[in-house]
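The values are calculated or read from the model by the stated rules, or taken from the named source; none is laboratory data. No experiment lies behind these values; they were computed from the predicted model shown. Using ideal geometry, Cβ is built from the backbone for each residue, glycine included, and neighbour counts are taken over all protein chains shown.
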Amino acid sequence: MFKQVSMAAAMAACLAAPAAAQQDFSKVEVKAENLAPGVSVLFGAGGNIGVSHGEDGTVLIDDQFAPLTPKIQAAVAALGASPVKFLINTHWHGDHSGGNENFGKAGAVIMAHDNVRVRMATDQKTPFGEVKASPKVALPVITYAEGLKLHLNGEEVRVISVPPAHTDGDSVVHWTKSNVIHMGDLFFHKMSYPFVDRSSGGDVRGVIAAADKVLAMANDQTKIIPGHGAVASKADLQAYRDMLVAIVGKIEAAVKAGKSLEEVKAMKPADGFGVNPSGFITADRFVEMVYGTFKQ
């Protein structure tokens, strides 16, 4: 529970620069879990990090917060990997892109969806405060609308964009040979209800569509890296998708019936799904996000 609460605090800080500056990352441990030969996930504070390494270089998927860069670099080296050559951001939020400036200065080529660069290059207003534009060296230098493929370390790595979901610039990363998929914040695994950033063009219906897309790509042996939470299976993602469909369906019907937000909250449509009630996004907060989508 302490880990979950700490993660929630770090995630809240990711969208409010003054708060992030006050966070103490000195006690954060960056730990690795091997998922396949040459493919691992790093857990620290902020979004889960994917790592692919081999003779063609090291690819990092997301990079958490700037103060953690030395610890992330040390964890990458401990895997036997060379310094990061390529960096992919699954979306623009600071708990997934906060280390961009450091890795950019170290020579990494940064890649992301077109909208990630647009949002990082300009001041953004979020539900948690204003986020100032990032310096040039932190911005993606390769961007895409639909996706791209990397042919590295003996396999094809597919970077796949999805319609507006968590934000308007989300990507899924699929290691096709290793059968590993990184979903970024399209998937919050049990530690919190999803965060749908409507201020960044997010739409909960897109989160469901993204889950459907990944489920069609996955099999029972697939290992799925969520944006937050433990490594998951296809069955875990199916349960997550079904939860979203159930909750969203109840709220949409209630909005069409003319119910107020308080009446919908009183229905407790998000209860009973085994999600941490003290997570970053509580049940009531998620209901507010979904209600706002359909009310708008």
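Given Val137, Val109, Val162, Val141, which one is more than 24 Å from Lys27 (Cβ to Cβ) and either of a type in the set (S, T, N, Q) or under 19 Å from the mean Cα position of the chain (by Cα) (or both)?
On the way: Val137 fails: either of a type in the set (S, T, N, Q) or under 19 Å from the mean Cα position of the chain (by Cα) (or both); Val109 fails: either of a type in the set (S, T, N, Q) or under 19 Å from the mean Cα position of the chain (by Cα) (or both); Val141 fails: either of a type in the set (S, T, N, Q) or under 19 Å from the mean Cα position of the chain (by Cα) (or both).
Checking each option against the conditions leaves just Val162.
How about the stretch 66-174: which helices (runs of 4 or more DSSP H) wholly inside it have at least 2 residues that are free of Cβ contacts under 8 Å to residues at least 12 places away in the same chain?
Working: elements: 69-78, 94-97, 100-105, 114-120.
Per the criteria, 69-78.
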Pairs, please: C-beta under 8 Å, at least 6 apart or cross-chain, first residue in a helix (DSSP H, G or I) and in the stretch 267-296, second surrounded by fewer than 16 Cβ atoms within 10 Å (Cβ to Cβ)? Ala283/Lys268; Ala283/Asp271; Ala283/Pro277; Phe294/Lys256
Tally time: how many residues in the stretch 178-213 are over 12 Å from the mean Cα position of the chain (by Cα), of a type in the set (Val, Ile, Thr) and more than 22 Å from Phe43 (Cα to Cα)? 2
Selection from the stretch 24-56 of residues within 14 Å of the chain's Cα centre (by Cα) and outside any strand (DSSP E or B) yields Gly44, Ala45, Gly46, Gly47, Asn48
Name the one entry in Val180, Val214 that is without any contact (Cβ under 8 Å) to a residue 60 or more places away in the chain, touching a strand residue (DSSP E or B) at 6+ places or on another chain (Cβ under 9 Å) and not hydroxyl-bearing (Ser, Thr, Tyr). Val214
Just for the stretch 203-229: of the residues that are out of contact with any helix residue (DSSP H, G or I) (no Cβ under 7 Å at 6 or more places or on another chain) and crowded, with 24+ Cβ neighbours inside 10 Å, which one is farthest from Asp95 (Cα to Cα)? Ile225
When you look at Ile160, is it touching a helix residue (DSSP H, G or I) at 6+ places or on another chain (Cβ under 9 Å), surrounded by fewer than 21 Cβ atoms within 10 Å (Cβ to Cβ) and either at pLDDT 95 or above or not aliphatic (A, V, I, L, M) (or both), yes or no? yes
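Among the residues of the stretch 115-134, which ones are within 25 Å of Val51 (Cβ to Cβ) and within 18 Å of the chain's Cα centre (by Cα)?
The answer is Asn115, Val116, Arg117, Arg119, Met120.
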